[in-house]
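Following: one structure in C-alpha cells, then a few remarks.
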Amino acid sequence: MSDRENLTAEVIIIGAGIAGLTAANELESAGKRVTVIDKGRSVGGRLATRRVGPGVADHGAQFFTVREAEFQEKVDNWVRSGLVFEWSKGFSDGSLLAEPAEGNPRYATRGGMNALAKRIAEPLQDVRVNTRIVTATCDEKGWIFQDSEGDIYTSNALIITAPVPQSMAILDAGATALSDKDFEQLARITYAECLCGLFWVEGRATLPSPGAIQRRNANVIWVGDNQQKGISKDATLITLQAGEQFSRQMWTAPDERILNSLQTELQIFITDDTEIKERQLKRWRYSRPLVTYPDRYMHAQAEAPLLLAGDAFGGPRVEGAYLSGLYTGKKMVEMLG
Ligand SMILES: Cc1cc2nc3c(=O)[nH]c(=O)nc-3n(C[C@H](O)[C@H](O)[C@H](O)COP(=O)(O)OP(=O)(O)OC[C@H]3O[C@@H](n4cnc5c(N)ncnc54)[C@H](O)[C@@H]3O)c2cc1C
C-alpha cells in the first residue's frame, strides 16, 4: 500500500495471450503506459508451441479461421510478412474414402503458433512473464496487485484476460466485490477441458494431406503431423487432442493411461517399423469456452476501471480473443480519456 505514489503502470493487463497482447498494443499506440503480466514461461497462453527432442509441436490452438473483416485485414498483413500461412481449407475425418473438407482457409504460423504471440508482443514496452498474480484489490485510487512471491504492483486501471474462473479467483481473493449481476454472468461461462498428447515418432506418419485429421464427437478429435504442417523440419511430432467427453472422463487418470489411450488412436497413422521416442501429456483445464459472454468485453462495476476480456467475450477461438483484445484496448483508451 505504501507504494501508491509509484504507480508501475497506468494499466496492468493480466494475461499475455493474444487478447492481452492485442489490448496492450492498442493502449500503447494511444500513448498509455501498460504492463502485461503472465504466469507462463513465455507469452502466448493457448498459442502454445513446445520443443520435443529435435522437433517442434503446437499443443494449444492448431490453426485459426477468419470470419470478420477486421481480423482478415490483420491476418492478410501477417501473411504478407511471411509470419502466417494458409495451411489448408479443411481436413478429412480420416475415414478411408473421406476427402479433405473444403471450407474457409485454416491459417497457421511459421515456427509454431507461439511465434504469432511473440510477434504481437514485440513492440510492447513492459511484459513480465513467470509472474502469477494472486490478488487484485481496488478502491477509488486504483488497483493493487500481489504476486505469488509477495511482490506488489499498482495501476490506475485493470484489464484481466485469464480464463474467466481464474480471473474471478484473482478478483475474489482480493475481495474486489463484483456486483451480483456481473458475478452471475461470469459464473455462467464454462470451458471444455482438453487432454493433449505430443508424440515424437521415429519413422513416417501416414496422415492424409495436408497432415491432419479432424473429427467431431470422437474420443480423439484431432491428429496433426507438425512436420507435414511445416513447423517441425527435423522430427516427426504428432499432436493428438481428445474430445470433450473423453477429456472430462479421463481428466484425473494417470498420465501413462491417458497417453496409452491416445497412442492407440495414433497407431493407425504410423507404420509398423516406427518407434515412439518420447511422449508428453498436457492437460488444458480451460481449452475453449462452451458458454460465452455476448459482448467483446465486460465493463465490470468496480471502484477503479476494470474490463474483463479474452476468448470468452464475443469469442470463442483465436479470432474471438484477438477481437476481444482489440475492442477492450479501445474501450480502455476511451475510459482513461
Ligand atoms: C487444445 C486447444 C486447441 C485449440 N484449438 C484451436 C483452434 O484450432 N483454432 C482456434 O481458433 N482456437 C483454438 N483454441 C483456442 C485458442 O487457443 C484460444 O481461443 C485463444 O488462444 C485464447 O486467447 P486468450 O488471450 O483469450 O487466452 P489465453 O491464451 O489463455 O491467455 C490468458 C493468459 O492468462 C495467463 N494467466 C492466467 N492466470 C494468471 C495469473 N493468475 N497471473 C498471471 N497470468 C495469468 C495465462 O498464463 C495465459 O497466458 C484451442 C485451444 C486449446 C487449448
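For the reader, a short list of remarks on this structure follows.
- Taking (1) free of Cβ contacts under 8 Å to residues at least 40 places away in the same chain; (2) in the same structural domain as Leu266 (by TED's automatic domain parsing); (3) closer than 30 Å to Pro254 by Cα in turn, Gln228 satisfies each apart from (3).
- Contacts under 8 angstrom Cβ, first residue in the stretch 34-50 being under 25 Å from Leu240 (Cβ atoms), partner more than 9 Å from the ligand (Cβ to nearest atom) and part of a loop (DSSP other than H, G, I, E, B), 6 or more apart: Gly40/Asn130; Arg41/Asn130; Thr49/Gly111; Thr49/Gly112; Thr49/Ile231
- Of the residues making up the stretch 312-329, at least one is in the same structural domain as Glu26 (by TED's automatic domain parsing), assigned to a helix (DSSP H, G or I) and more than 12 Å from the ligand (Cβ to nearest atom).
- Hits in the stretch 44-53 - residues which are touching a helix residue (DSSP H, G or I) at 6+ places or on another chain (Cβ under 7 Å) and more than 9 Å from the ligand (Cβ to nearest atom): Thr49
- Residues in the stretch 273-311 that are more than 10 Å from the ligand (Cβ to nearest atom), modelled with pLDDT of 95 or more and of a type in the set (Ser, Thr, Tyr): Thr292, Tyr293, Tyr297.
- Listed here are the strands (runs of 3 or more DSSP E) enclosed by the stretch 68-185 that have at least 1 residues being within 30 Å of Arg215 (Cα to Cα) and in contact (Cβ under 8 Å) with a residue 12 or more places away in the chain: 84-88, 106-109.
- Residue within the stretch 74-90 that is surrounded by fewer than 19 Cβ atoms within 10 Å (Cβ to Cβ) and either aromatic (Phe, Trp, Tyr) or near the ligand (Cβ under 9 Å from one of its atoms) (or both) present: yes
- Just one of the numbered conditions (1) among the basic types (Lys, Arg); (2) more than 23 Å from Gly337 (Cα to Cα); (3) at pLDDT below 95 is not true of Lys141: (2).
Listed here are the residues, each with its yes/no results for (1) more than 24 Å from Thr35 (Cβ to Cβ); (2) of a type outside the set (Val, Ile, Thr); (3) buried (at least 20 other Cβ atoms within 10 Å of the Cβ).
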position	(1), (2), (3)
Ile159	no, no, yes
Val164	no, no, yes
Ile170	no, no, yes
Thr190	yes, no, no
Trp200	yes, yes, yes
Gln228	yes, yes, no
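- Exactly one residue among Leu237, Leu259 is surrounded by 14 or more Cβ atoms within 10 Å (Cβ to Cβ), farther than 24 Å from Trp87 by Cα and in contact (Cβ under 8 Å) with a residue 60 or more places away in the chain, and that residue is Leu259.
- Taking the stretch 10-43 as the range and being within 7 Å of the ligand (Cβ to nearest atom), not in a loop (DSSP other than H, G, I, E, B) and not aliphatic (A, V, I, L, M) as the test, only Gly20 passes.
- Across the stretch 129-148, the qualifying residues are those that are under 26 Å from Leu47 (Cβ atoms) and of a type in the set (D, E, K, R), and the one among them that is farthest from the ligand (Cβ to nearest atom) is Asp147.
The values are calculated or read from the model by the stated rules, or taken from the named source; none is laboratory data. Since we're looking at a predicted model, the values are computed, not measured. Note: ideal-geometry Cβ built from the backbone for every residue, glycine included; neighbour counts use all protein chains shown.
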